[in-house]
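Engineer: This is the structure, below, for whatever I ask next.
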Amino acid sequence: MIIYKDIFSNDELLSDAYDAKLVDDVIYEADCAMVNVGGDNIDIGANPSAEGADDDVEEGAEMVNNVVHSFRLQQTAFDKKSFLTYIKGYMKAVKAKLQETNPEEVPKFEKGAQTYVKKVIGSFKDWEFFTGESMDPDAMVVMLNYREDGTTPFVAIWKHGIVEEKI
């Protein structure tokens, strides 16, 4: 299995278990799903009626996004102006890192990132944003939206902002 980790915070953001597809040569999009977590019925052998407990106990299950839940992503919020401020700083940091490690990728990154950011800004109200577990403000923000069908969520992470770690 391959885990995709943020190059700045080292937070785990995604894995190859989610079948990520490369878009515009700079971003991985991976479909995810809403799943039930919690509310597991654990039988300890006791008879709730005999114990005086109520049979109508709240199950405690909740619907969560499987990627957000699995990687302990933390929701954050932006307005358009604050997102543009963040993304400009983040892109500058990624570009600097690329110039050190893989300079031939810089033009591809700049062109593709600009295209994808325009797409995000064009439909800004449809996007949700998440930070990694460490909530590092300088690290990548994972973006979440829905496919054209309106029901299939997907996350988007920057290809040049991650390292792949085999486990």
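Engineer: Quick check: pseudo-label points 7 Å beyond the Cα along Cα→Cβ at Lys118 and Ser82, how many nm apart are they?
Structural biologist: 2.7 nm
Engineer: Over the chain, what is the relative contact order in whole percent, taking alpha-carbon pairs under 8 Å and six or more residues apart? Could the numbers behind the result be given before it?
Structural biologist: Values: 256 pairs, mean separation 60.8, N = 167.
In percent, rounded to a whole number, it is 36.
Engineer: Here is a follow-up. Taking the chain as the reference, fit the longest principal axis to its C-alpha atoms, fit the long axis of helix 80-101 to the helix C-alpha atoms, and give the angle between the two in degrees, 0 to 90, nearest 10.
Structural biologist: Its long axis makes an angle of about 70 degrees.
Engineer: Something else now. Over 23 Å between C-alpha atoms is what I'm after, so list which of Lys88/Lys111; Lys92/Lys119; Lys21/Lys80; Lys97/Lys166; Lys80/Lys111; Lys5/Lys118 land there.
Structural biologist: Working: Lys88/Lys111 14 Å; Lys92/Lys119 19 Å; Lys21/Lys80 26 Å; Lys97/Lys166 21 Å; Lys80/Lys111 21 Å; Lys5/Lys118 25 Å.
The answer is Lys21/Lys80; Lys5/Lys118.
Engineer: Leaving out ligands, DNA and RNA, and with a 1.4 Å probe, what % of the accessible surface on segment 50-167 is carbon or sulfur? It would help to have the intermediate numbers written out before the result.
Structural biologist: On the way: 3620 of 7230 Å².
It is 50 percent, rounded to a whole number.
Engineer: Spelling out what I want: for every residue of segment 6-14, take phi, set θ = phi - 60°, compute 6.51 cos²θ - 1.76 cosθ + 1.60 (Karplus), and round to whole Hz; glycine and proline get x.
Structural biologist: In residue order, the calculated couplings are 5, 6, 9, 9, 6, 5, 6, 10, 6 Hz.
Engineer: If each DSSP helix of 4+ residues adds -39,500 (n - 2.57) and the sum is divided by the residues in the chain, what number results at 222 nm, nearest 500 deg cm²/dmol?
Structural biologist: On the way: 4 runs with 48 residues, N = 167.
Taken over the chain, the calculation gives -9000 deg cm²/dmol.
Engineer: Could you give the accessible area per residue of the chain, probe 1.4 Å, as a whole number in Å²?
Structural biologist: 60 Å²
Engineer: Okay, moving on. What's the angle, to the nearest 10 degrees (0 to 90), between helix 106-122's Cα axis and the longest principal axis of the chain?
Structural biologist: 50 degrees
Engineer: Net charge within 12 Å of Ala113 by Cβ-Cβ distance, Lys/Arg positive one each and Asp/Glu negative one each, not counting Ala113 itself? Before the final figure, lay out the partial values.
Structural biologist: Values: positive: Lys88, Lys92, Lys95, Lys108, Lys111, Lys118, Lys119, Lys159; negative: Asp24, Asp25, Glu105, Glu110.
Neighbourhood net charge equals +4.
Engineer: For segment 155-162, what does the Karplus curve 6.51 cos²θ - 1.76 cosθ + 1.60, with θ = phi - 60°, yield as ³J(HN,Hα) per residue in whole Hz, taken in order and with x for Gly and Pro?
Structural biologist: Going residue by residue, I get 10, 10, 10, 6, 4, 7, x, 10 Hz, with x marking Gly and Pro.
Engineer: Okay, moving on. How large is the convex hull of the C-alpha atoms of the chain per residue, in Å³?
Structural biologist: Measuring per residue, one finds 152 Å³ for the Cα hull of the chain.
Engineer: Relative to 2.2 N^0.38 Å, what does the C-alpha radius of gyration of segment 66-106 come to as a ratio? Two decimals please.
Structural biologist: Numbers: Rg = 14.2 Å, N = 41, 2.2 N^0.38 = 9.0 Å.
That works out to 1.58 for segment 66-106.
Engineer: A follow-up question, please. Give me the extension gain from Lys108 to Asp31: residue separation times 0.36 nm, minus the current Cα-Cα distance, reported in nm with one decimal.
Structural biologist: On the way: separation 77, 0.36 × 77 = 27.72 nm, distance 2.41 nm.
The span from Lys108 to Asp31 would gain 25.3 nm if fully extended.
The values are calculated or read from the model by the stated rules, or taken from the named source; none is laboratory data. Fair warning: this is a prediction, and the values are worked out from it, not measured in the lab. Heads up, the Cβs are rebuilt from the backbone with ideal geometry, glycines too, and the neighbour counts pull from every protein chain shown. Side chains included, ligands, DNA and RNA excluded: accessible areas come from the protein's heavy atoms. Shrake-Rupley method; radii C 1.70, N 1.55, O 1.52, S 1.80 Å.
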